[in-house]
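Read through the structure below, which is laid out as structure tokens, and then see the notes.
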Amino acid sequence: MSANHRSSHEDTQTPTGAALLHDPWLNKGTAFTQAEREAFGLQGLLPPHVCTIDEQVQRVLENYRKKTTDLERYIHLVALQDRNETLFYRVLMTHLEEMMPIVYTPTVGTACQNFGQIFRRSRGMYVSYNDRGRIHEMLRNWPQKDVRVIVMTDGERILGLGDQGAGGMGIPIGKLSLYTACAGICPSQTLPVMLDVGTENEAYLKDPMYLGLSQRRVRGKDYEDFVSEFITAAKDRWPDVLVQFEDFGNTTAFHLLEKWRDRVCTFNDDIQGTAAVALAGLFSALRITGKPLRQQRIVFLGAGEAGVGIGDLIASAMVDEGETLEGARSKLWYVDSKGLVVKSRTDLADHKLRYAHDYEQIPNLLGAIRALQPTAIIGVSTSAKAFNREIIETMSRINERPIVFALSNPTSKSECSAEEAYSWSKGKAIFASGSPFPSYTYEGRTFVPGQGNNSYIFPGLGLGVIATRAKRVTDRMFSAAARELAARTTQEDLDMGRIYPSLKLIQEVSAYIGVAVAEVVFKDGLAGVPRPADMLEHIKSNMWKPEYRDYLKKP
Ligand code: NAD
């Protein structure tokens with residue numbers, strides 16, 4: 001482990017006996033050697049057989065696979081993370097495809113909804129509105145001195161599940177697990193934060209088991225001041241920290257991003273990370289259709305953070321290909337819950353205005369598809385089953401290979417399933433989804449649907465930012481990440497209909513995305529470290545591995 005991967009634990013004396021076993025960062029459980037057991041007062045506190053980490057992994061897997069529901073699997077993994085963090089990551093990193101849907105969408109959504117019931121041990125920091133005025137002081141309670149990534153939410157728009165209040169904490173926890181699992185960000189350098197300003201969720205407000213602030217959400221200037229106090233305090237305690245906004249409601253998300261993106265090292269994954277993963281998917285899909293990005297006409301269902309974020313990044317990629325910004329935007333159309341977003345509408349939020357075209361009002365998606373004849377439809381609406389048979393069949397009549405991205409999460413909110421997209425389009429659709437779907441065989445051909453999973457982007461981007469101590473996160477970094485991700489998708493992937501690389505390769509992919517991002521950081525003069533001679537080696541040297549420490553070896 002290199003010096004920058006040390007936790008503050010390692011600056012102090014290693015605890016002994018039960019205290020060592022109860023420290024998840026230091027605990028090795030049955031893998032403590034005889035010599036370590038003697039040196040650290042562990043004799044008698046463990047069964048005699050000394051296990052290898054691989055034997056421990058096997059034991060975890062056997063128990064994990066006996067669980068009958070995904071929520072139980074989630075609880076099992078969280079309990080392991082609380083006992084032995086190294087083993088948790090060893091299990092997760094070696095079984096990522098199997099476990100990502102448990103530690104992240106869709107199961108994490110169920111965990112957030114059941115937060116009050118399944119809560120066992122606290123993780124991360126809960127900063128509530130009642131703590132205002134003393135957040136700076138509070139942050140000293142966090143034991144790690146070198147926090148490099150904070151993922152924070154206020155719980156207002158959790159996946160497609162709406163306001164989950166304090167239960168939203170499941171999301172920063174899950175995302176940070178993926179920072180480590182996908183890109184080797186050292187777990188002790190990560191901090192999940194819940195900014196609790198209340199909730200509008202009526203069920204939680206009435207629920208005695210609810211663990212958050214049982215009051216309506218603080219809004220307006222008081223809310224802004226509270227968020228500012230937290231960000232300022234966090235930057236003061238950890239000057240190099242990357243702050244990721246996660247699952248804020250769209251009335252606050254766009255505004256907070258605009259306010260902070262040029263002041264501190266920050267980004268919003270729902271807006272920018274989603275945009276990069278969708279753009280990468282589009283680049284890959286265009287390798288199948290053989291048409292350039294500039295020739296696409298795209299209709300989005302949903303004009304929120306994800307939709308407008310994706311549109312903005314696609315527009316900037318079209319501009320990179322020589323299109324004017326106005327020309328690029330004219331190819332991007334939105335249908336929201338009130339119909340096609342057009343100039344004559346008077347009910348549009350600010351973030352939609354740049355895509356409000358001079359066109360007739362059309363009340364629904366099918367009408368918009370018939371009128372606009374798009375090459376691609378992208379669902380980011382939280383409206384389950386909105387891509388019905390007629391929509392998919394219409395897209396297939398218009399296009400030889402229609403591009404259909406059903407990105408709403410969790411699975412229950414998806415605009416259509418992989419099976420529906422492939423069968424209704426008679427195998428023509430180029431499909432990606434937000435939550436995972438199984439492979440589907442249509443007329444003898446097996447399609448492996450790609451998951452437009454933000455985990456392809458944010459961990460690698462974070463790695464590039466951390467390894468360079470970047471001062472800001474810019475759209476150019478997201479475009480570079482998207483291009484690199486598309487470049488990592490092989491012809492073999494495309495042949496089976498998958499427009500992203502296999503998740504099995506995610507750590508390698510993240511390293512290359514880290515390099516692509518780091519190159520932008522240096523080119524744009526945003527680095528806080530000197531340029532390394534070998535960028536890939538530098539990036540890889542920043543990747544933590546889930547291996548036990550030898551406690552008897554001198555550092
Ligand atoms: P948001 O709340 O900001 O926006 C949702 C939008 O959908 C709003 O514009 C709303 O008006 C619109 N909408 C709601 N019902 C609709 C309907 N019946 N018809 C048309 N439009 C409708 O949320 P968001 O951050 O944009 O996220 C939207 C969805 O995308 C969520 O389910 C989220 O989980 C998913 N998402 C997926 C990924 C991914 O797959 N990588 C990433 C981010 C978000």
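Which residue, of Gln144, Gln117, is touching a residue at least 60 places away in the same chain (Cβ under 8 Å), surrounded by fewer than 24 Cβ atoms within 10 Å (Cβ to Cβ), polar (S, T, N, Q) and in contact with a strand residue (DSSP E or B) (Cβ under 8 Å, 6 or more places away or on another chain)?
Gln144
Here is a check on your reading of the model: is Ala349 touching a residue at least 60 places away in the same chain (Cβ under 8 Å), farther than 13 Å from Ile271 by Cβ and within 16 Å of the ligand (Cβ to nearest atom)?
For Ala349, the condition - touching a residue at least 60 places away in the same chain (Cβ under 8 Å), farther than 13 Å from Ile271 by Cβ and within 16 Å of the ligand (Cβ to nearest atom) - is met.
Would you confirm whether any residue within region 461-469 is modelled with pLDDT of 95 or more, within 26 Å of Ile403 (Cα to Cα), in contact with a Lys or Arg (Cβ under 9 Å, 6 or more places away or on another chain) and not aromatic (Phe, Trp, Tyr)?
No; the residues of region 461-469 include none that is modelled with pLDDT of 95 or more, within 26 Å of Ile403 (Cα to Cα), in contact with a Lys or Arg (Cβ under 9 Å, 6 or more places away or on another chain) and not aromatic (Phe, Trp, Tyr).
Which of the residues that make up region 94-114 are surrounded by fewer than 16 Cβ atoms within 10 Å (Cβ to Cβ) and either charged (D, E, K, R) or closer than 27 Å to Asn141 by Cα (or both)?
Across region 94-114, the qualifying residues are Glu97, Glu98.
If you check Val529 against the conditions, is it at pLDDT 95 or above, buried (at least 17 other Cβ atoms within 10 Å of the Cβ) and hydrophobic (A, V, I, L, M, F, W, C)?
Answer is no for this residue.
All but one of (1) among the acidic types (Asp, Glu); (2) buried (at least 24 other Cβ atoms within 10 Å of the Cβ); (3) more than 16 Å from the ligand (Cβ to nearest atom) hold for Glu202; which doesn't?
Every condition holds for Glu202 apart from (2).
Look through region 352-380, keep the residues that are near the ligand (Cβ under 10 Å from one of its atoms) and either surrounded by fewer than 19 Cβ atoms within 10 Å (Cβ to Cβ) or not hydrophobic (A, V, I, L, M, F, W, C) (or both), and return whichever of them is farthest from Met395 (Cα to Cα).
Taking the candidates together, the pick is Lys352.
Which helices (runs of 4 or more DSSP H) does region 89-198 wholly contain that include 2 or more residues that are under 16 Å from Phe245 (Cβ atoms) and modelled with pLDDT of 95 or more?
170-183
Scanning region 399-422 for residues that are within 16 Å of Thr441 (Cα to Cα) and buried (at least 24 other Cβ atoms within 10 Å of the Cβ), which turns out farthest from the ligand (Cβ to nearest atom)?
Only one residue fits best here, namely Tyr422.
State which residue is nearest to the ligand (Cβ to nearest atom) when the search covers only region 308-338 and only residues that are over 19 Å from Leu365 (Cα atoms) and of a type in the set (Asp, Glu).
Asp312
Determine the pairs where a residue that is more than 20 Å from Leu282 (Cα to Cα), located within region 420-439, has a partner that is part of a helix (DSSP H, G or I) and polar (S, T, N, Q) with Cβ atoms under 7 Å apart, the partner being 6 or more residues away or on another chain.
Matching pairs, first to second residue: Lys426/Ser396.
Across region 429-441, which residue is nearest to the ligand (Cβ to nearest atom) among those that are of a type outside the set (Gly, Ala, Ser) and surrounded by 18 or more Cβ atoms within 10 Å (Cβ to Cβ)?
Per the criteria, the residue is Pro436.
Tell me, which strands (runs of 3 or more DSSP E) wholly within region 408-502 include 3 or more residues that are in contact with a Ser or Thr (Cβ under 9 Å, 6 or more places away or on another chain)?
In region 408-502, the matching strands (runs of 3 or more DSSP E) lie at 430-433.
Exactly one condition in (1) within 10 Å of the ligand (Cβ to nearest atom); (2) over 22 Å from Val277 (Cβ atoms); (3) not β-branched (Val, Ile, Thr) is not met by Asn388; state its number.
Only one criterion is unmet by Asn388, namely (1).
Being closer than 21 Å to Ile398 by Cβ, at pLDDT 95 or above and surrounded by fewer than 16 Cβ atoms within 10 Å (Cβ to Cβ), is that true of even one residue in region 297-320?
The answer is yes; a qualifying residue exists.
Would you point out which residue out of Val127, Val108, Val103, Val78 is touching a strand residue (DSSP E or B) at 6+ places or on another chain (Cβ under 7 Å), in contact (Cβ under 8 Å) with a residue 40 or more places away in the chain and on the phi < 0 side of the Ramachandran plot?
The match here is Val127.
Among the residues of region 247-275, which ones are within 22 Å of Gln144 (Cα to Cα) and in a loop (DSSP other than H, G, I, E, B)?
Val264, Cys265, listed by residue number.
For Ala349, which of the numbered conditions (1) surrounded by fewer than 16 Cβ atoms within 10 Å (Cβ to Cβ); (2) touching a Phe, Trp or Tyr at 6+ places or on another chain (Cβ under 9 Å); (3) under 23 Å from Arg498 (Cβ atoms); (4) not charged (D, E, K, R) fails to hold?
(3)
The values are calculated or read from the model by the stated rules, or taken from the named source; none is laboratory data. What you see is a predicted model; the values in this text were computed from it and never measured. Backbone-built Cβ (ideal geometry, glycine too); neighbour counts: all protein chains shown.
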